[in-house]
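A.B. asks: Below are the structure tokens for one structure; questions will follow.
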Amino acid sequence: MQVWDAVGQEVFTEVFDKETWAGKEEIANFQIDNFQLWSPDQPHLYTCKVTLMPVDEAVAIETALAVRFGLRYFEFIEKGPFHLNGRRLLLRGTHRHEDHAGVGAAMTEAMIREEMRLIKEMGANFIRLGHYQQSRIVLELCDELGLLVWEEIPWCRGGIGGDSYRQQCKDMLTAMIEQHRNHPSIILWGLGNENDWEADFNYFDEEEIRDFMRELHALSHALDDTRLTAIRRCDFCRDIIDVYSPSIWAGWYRGVYPEYETYTRTGFDSVDRFLHVEWGADNVAGRHVKKPYTGFEDIQTGAGAEERDGDYLLTGGDPRVSSLGDWSETYFCDMIDWYLRAQQRMDWLTGTAKWSFKDFSTPVRPDSPIPYLNMKGVVERDFRRKEAYYVFQSYWSEQPMVRIYGGSLPVRAGKADEQQTIKVYSYCSIVELIVNGKSYVKRTRDTQNYPCAGLRWDVILPSGENRLVAVSSGEGDIVVQDETTFIYQTESWEQPAALRLTAYQHSDDGIFVEALAYDQHGVFCADAANLVHFGLAGSGKLLDNLGTVRGSRTLELANGRARIYVDLKGGTSIVSVHGEGLEPSFVKMNS
């Protein structure tokens with residue numbers, strides 16, 4: 001038996017001679033002196049290797065197992081914050097589903113590695129794996145990167161089934177704990193999610209659910225007494241488990257986001273140990289608005305922000321941003337900015353986990369702007385970063401970064417001589433904005449100056465092409481910059497009347513076609529959000545069904561445009577685009 005530290009230095013070794021035995025038996029224990037603690041900032045891992053060798057040298061059988069582990073301790077302070085290794089740590093988290101464009105749940109190891117790298121580079125130190133046990137490589141990467149973990153079994157919604165159903169839950173919990181208990185990243189075993197949601201069975205018995213939750217809680221502690229149990233959204237079971245997350249969707253399914261801190265404090269005060277997992281808003285990649293719908297005037301406040309059954313639907317029910325809003329990146333970024341600003345001053349808060357890191361497919365959302373897609377990600381289903389990714393980085397990453405909001409928007413619109421607000425997200429102390437070569441006053445970053453930590457400028461843009469550059473310039477800052485070029489359109493437009501389709505050769509991804517919306521006078525409609533449909537006739541193929549704004553046959557326009565990639569397969573194809581009330585368009589392409 002051998003044990004090494006993270007740099008390969010041996011800290012323990014011993015050879016044992018034992019007779020063969022049946023079942024489990026402890027063969028050694030050891031102590032590490034001058035040990036290094038595991039943490040998100042320094043994920044120090046040890047390796048323990050056990051090698052079994054036959055005493056009879058004539059028997060050429062040898063087997064070995066190497067397992068990595070880490071040393072750390074944690075505590076959810078009763079009615080207080082979270083501590084890791086004796087110090088307060090604000091859990092800054094997100095969620096992960098096993099889902100990706102083109103492959104669904106069959107993600108490759110390379111895809112998983114890229115996803116976990118992006119999560120860490122966003123600045124997260126915590127992740128909830130929802131809502132099922134995930135692969136070995138995911139947990140290994142959490143150990144390596146320094147991501148604390150809530151992992152859970154898929155007892156999700158729908159009440160509770162019979163004996164086989166319950167046995168399956170217990171078997172899954174047992175397997176999850178026995179297989180993953182050596183991972184230092186794991187701090188919480190999740191026992192369920194939304195178990196108060198009456199959906200799957202003809203009966204619903206709260207006491208039966210409570211009894212079974214007690215059984216799972218006891219089983220978890222019997223299998224592993226070093227970690228805590230947790231559930232999300234089952235209020236009548238909150239007294240059974242160790243850590244509870246109520247449903248708080250301030251500014252999306254219920255309430256408005258300026259009341260986020262009040263809603264959270266109410267949830268915190270209602271339990272002994274609190275953690276807020278699942279919050280966010282659907283947002284269409286590439287959709288930006290000058291003044292997003294907030295619901296401040298229409299939505300009841302002060303009545304709680306818990307999601308209720310049916311709130312995810314786009315019609316019916318009480319007024320809510322999820323059904324009345326614009327699903328823009330603008331609203332989402334403003335909302336995130338408010339949440340993260342508030343969290344910085346909530347010294348009692350254990351932490352939160354935003355739902356979810358990536359857009360993902362779902363059968364229950366046929367009416368989404370991209371059908372059958374949950375669009376709450378900070379990256380698209382193919383890892384393309386949305387603007388929200390940079391908002392999180394500006395609060396969490398602790399690495400020099402700067403991002404001009406809307407950097408991917410090719411056309412901005414407004415009146416001539418009308419001041420336009422340019423927003424910049426950055427972790428740097430001072431940022432300078434340069435517009436068409438003209439430098440504007442430098443702004444000092446202040447996270448309590450909402451929005452954008454004070455990094456915003458009102459400028460007058462000339463009609464036509466504009467080039468913006470944002471440069472960090474604080475004392476001691478590593479100089480980083482971001483730049484973008486766009487058209488400022490001052491010509492106003494009426495309702496969209498026609499679509500125009502153009503084909504381009506893209507250097508990286510082959511050929512793509514772009515559909516633009518115009519009014520009856522031929523003016524580009526820079527805010528059009530019509531539902532459009534691409535089609536193809538010929539030898540080629542649309543690269544569709546990817547659940548992205550560049551890989552979907554049916555989708556809503558984002559700021560008057562939609563795109564899709566095409567594989568011509570060596571022949572000739574005609575691509576079409578049409579939408580209700582819009583004159584269709586066609587383009588012919590040859591290989």
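A.B. asks: Cα atoms only: what Rg and Dmax, in Å, come out for the stretch 241-386?
C.D. replies: Rg then Dmax for the stretch 241-386, in Å: 14.9, 45.
A.B. asks: Output the relative contact order of the chain, whole-number percent, from Cα pairs under 8 angstrom with separation of 6+ residues.
C.D. replies: Relative contact order of the chain: 10 percent.
A.B. asks: Write down the Å³ per residue value for the convex hull defined by the alpha carbon atoms of the stretch 526-580.
C.D. replies: Value for the stretch 526-580: 70 Å³ per residue.
A.B. asks: Once the stretch 498-590 is represented by equal point scatterers at the alpha-carbon sites, with solvent omitted, what log10 I(q)/I(0) does the Debye formula produce at q = 0.14, 0.21 Å⁻¹?
C.D. replies: Evaluating at q = 0.14, 0.21 Å⁻¹ gives log10 I(q)/I(0) of -0.45, -0.98.
A.B. asks: Based on DSSP, what percent of beta bridges with both residues in the chain are antiparallel, to the nearest 5?
C.D. replies: Antiparallel bridges make up about 70 percent of those DSSP assigns within the chain.
A.B. asks: May I pose another question? The chain: D in µm²/s via Stokes-Einstein (Kirkwood Rh, Cα pairs, 4 °C, 1.567 mPa s)?
C.D. replies: 49
A.B. asks: Among His578, Gly560, Asn545, whose Cα projects farthest towards the positive end of the dipole of the stretch 540-591, with charges put on the beta-carbon of Lys, Arg (+1) and Asp, Glu (-1)?
C.D. replies: Of the options given, the answer is Asn545.
A.B. asks: Modelling each spin label as a point 7 Å along the Cα-to-Cβ direction, I'd like the Val364/Glu580 distance in nm, to one decimal.
C.D. replies: So the two model labels end up 2.5 nm from each other.
A.B. asks: For the stretch 194-243, what's the radius of gyration and Dmax over Cα atoms, in angstrom?
C.D. replies: 11.7, 38
A.B. asks: Here is a follow-up. How large is the helix-only mean residue ellipticity at 222 nm for the chain, computed as the sum of -39500 (n - 2.57) over DSSP H runs with n ≥ 4, divided by its residue count, in deg cm²/dmol to the nearest 500?
C.D. replies: The per-residue figure over the chain is -5500 deg cm²/dmol.
A.B. asks: For the stretch 1-101, which GluC sites (Glu not before Pro) are in a loop by DSSP, counting at most 11 other Cβ atoms within 10 Å?
C.D. replies: Passing both the DSSP loop test and the Cβ count: Glu14, Glu19, Glu25, Glu26, Glu57, Glu62, Glu78.
A.B. asks: Hey, any idea what the orientation-averaged projected area of the convex hull of the stretch 403-534's Cα atoms comes to, in nm²?
C.D. replies: Hull-based average projected area comes out at 10.4 nm².
A.B. asks: Run through all the Cα pairs of the stretch 148-218 and give the fraction in each 10 Å bin from 0, expressed as whole percent.
C.D. replies: Once binned at 10 Å, the Cα pair distances of the stretch 148-218 give 19, 51, 24, 6, 0.
A.B. asks: I've got another one for you. For the stretch 333-487, go through all pairs of different Cα atoms, get the mean of 1/r, take its inverse, and jot down that Kirkwood value in Å.
C.D. replies: 17.0
A.B. asks: Determine the gain in length on full extension of the stretch Glu297-Phe35; use 0.36 nm per residue of separation and subtract their C-alpha separation, reporting nm with one decimal.
C.D. replies: 88.7 nm
A.B. asks: Then there is this: Quick one: putting +1 on the C-beta of Lys and Arg, -1 on the C-beta of Asp and Glu, what dipole do you get for the stretch 19-174 around its Cα centre, in Debye to the nearest 20?
C.D. replies: Dipole magnitude for the stretch 19-174 comes out near 880 debye.
A.B. asks: Something else: Take peptides 573-585, 292-304 and line them up by average Cβ neighbours within 10 Å, highest first, as a rough protection proxy.
C.D. replies: So the order, starting with the most tightly packed, is 573-585, 292-304.
A.B. asks: Given Cβ point charges of +1 (Lys, Arg) and -1 (Asp, Glu) and nothing else, what value in debye, to the nearest 20, does the dipole of the stretch 26-104 about its Cα centre take?
C.D. replies: 640
A.B. asks: A follow-up question, please. Which ³J(HN,Hα) values in Hz, rounded to whole numbers, follow from the phi angles of the stretch 549-565 under the Karplus curve 6.51 cos²θ - 1.76 cosθ + 1.60, where θ = phi - 60° and Gly and Pro get x?
C.D. replies: Once θ is set to phi - 60°, the couplings for the stretch 549-565 become 6, 10, x, 9, 6, 10, 6, 7, 4, 10, 6, x, 9, 8, 9, 7, 8 Hz.
A.B. asks: Here's a follow-up. Over the alpha-carbon set of the stretch 88-396, divide Rg by the Kirkwood Rh and report the Rg/Rh ratio to two decimals.
C.D. replies: Across the stretch 88-396, the Cα-based Rg/Rh ratio is 0.94.
A.B. asks: Using the per-residue mean of other Cβ atoms lying within 10 Å as a proxy for protection, in what order, highest first, do the peptides 497-505, 524-532, 281-289 fall?
C.D. replies: Going from most to least packed, we get 281-289, 524-532, 497-505.
A.B. asks: Note down the nm distance, to one decimal, between modelled labels 7 Å out along Cα→Cβ at Gln167 and at Gln2.
C.D. replies: 4.4
A.B. asks: A follow-up question, please. Could you state the orientation-averaged shadow area of the convex hull built on the Cα atoms of the stretch 100-202, in nm² to one decimal?
C.D. replies: Mean orientational projected area (the stretch 100-202, Cα hull): 7.7 nm².
A.B. asks: Let me ask another. So what is the orientation-averaged projected area of the stretch 241-298, using the convex hull of its C-alpha atoms, in nm²?
C.D. replies: Taking the Cα atoms of the stretch 241-298, their convex hull projects to 5.1 nm² on average.
A.B. asks: Rounded to a whole number of µm²/s, how large is the Stokes-Einstein D of the stretch 51-95 at 4 °C and 1.567 mPa s, given Rh as the Kirkwood radius over C-alpha pairs?
C.D. replies: 87
A.B. asks: Put +1 on the Cβ of each Lys and Arg and -1 on the Cβ of each Asp and Glu in the chain; which of His221, Met176, Met375 then has its Cα farthest toward the positive end of the dipole?
C.D. replies: Positive-end residue among those listed: Met375.
A.B. asks: Between Lys290 and Leu71, what length comes free when the chain is fully extended (0.36 nm per residue of separation minus the Cα-Cα distance, one decimal in nm)?
C.D. replies: Taking Lys290 through Leu71 to full extension adds about 73.9 nm, to one decimal.
A.B. asks: Plugging the Kirkwood radius over Cα pairs into Stokes-Einstein for the stretch 357-418, at a temperature of 20 °C and a viscosity of 1.002 mPa s, what D comes out in µm²/s?
C.D. replies: In µm²/s, the coefficient is 154.
A.B. asks: Where does the stretch 121-266 land on the Kirkwood hydrodynamic radius, alpha-carbon pairs, in angstrom?
C.D. replies: One over the average 1/r among Cα pairs gives 16.2 Å for the stretch 121-266.
A.B. asks: Quick check on the stretch 1-138: what does the Kirkwood estimate of hydrodynamic radius come out to from the alpha carbon pairs, in Å?
C.D. replies: Result for the stretch 1-138 stands at 18.9 Å.
A.B. asks: What's the magnitude of the charge dipole for the stretch 402-489 around its Cα centre, counting Lys and Arg as +1 and Asp and Glu as -1 at the beta-carbon? Answer in Debye, nearest 20.
C.D. replies: Its charge dipole is roughly 140 debye.
A.B. asks: How many Å³ per residue does the convex hull of the Cα positions in the stretch 464-548 occupy?
C.D. replies: 186
A.B. asks: Sticking with this one: Students often check this: by mean Cβ neighbours within 10 Å, which of 340-348, 309-317 ranks highest, and how do the rest follow?
C.D. replies: Going from most to least packed, we get 340-348, 309-317.
A.B. asks: Rg (Å, one decimal) plus Dmax (Å, integer) for the alpha carbons of the stretch 1-71?
C.D. replies: 14.8, 49
FYI, it's all coordinate maths here, none of it is from the lab. In this text, all values refer to a predicted model and were calculated from it rather than measured experimentally. Methodologically, a virtual Cβ is constructed for each residue, glycine included, from the backbone with ideal geometry; neighbour enumeration extends over all protein chains shown.
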